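Every number in this text was worked out from the coordinates using simple rules, so none of it is lab data. Bear in mind the structure is a predicted one, so any value in this text is a computation, not a measurement. Every residue, glycine among them, receives a Cβ derived from its backbone with ideal geometry; neighbour counts consider all protein chains shown.
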Amino acid sequence: MLAMAGAATAQPATQQTTTSLFNTGNWTVTPFIGVGFSGDLDSGTGAIGAAGGYIWSPRVSLEGEFNLLPSSEANVGVEVDSKVWSLTGNILYHFAGRIWVPYGVLGIGVGHGSVEVETNNPLLNNFESSSTEFVANLGGGVERQLRERLAFRGDLRYLFGGNLVPDYWRASAGLTFDLGEF
């Protein structure tokens, strides 16, 4: 009987699961680089940006993100210069993980796309056009803590635009810096 009582209380130690890499109430900044591809994009193009976030709870982070797709394509006698940027507010929901913490993300905001066509032919007019649209994004990623106030972040999102603001996939990677509380 005494052996059964001891067996009932002795349980193997389990590895603790993690949902947030940083403390609730802390602010973060994540500069990133990546690539935009598929959707309305003819070819892959580089992406750069930064996200600033607030750890609202162990599972939920709120962030604002700026994303830029600079692009320039040249064909015979015609150069097309296009730029797309977006500014979004996002909610990240962190799932339980161990070393790698997966998350889902959903966001809305505004995007701007502009196209400028330059030609060497004087008979053809150069033209420029731009559009500002409502945008949304949906995706997910993983985070892994590297040091006490530093984490790696990998992300895959689909961004929805309109007119000159294209729909496309973006794969990105960055470093998240914990700025602490303000």
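Here is how the numbers come out for the structure above:
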item	result
Fewest-first sequence of V110, V165, V101 by Cβ atoms within 10 Å of each Cβ	V110, V101, V165
Which of D155, D40, D178 has the fewest Cβ neighbours within 10 Å, and the rest in rising order	D40, D178, D155
In nm, spacing of pseudo-spin labels at T132 and Y93 (7 Å Cα→C-beta vector)	3.2
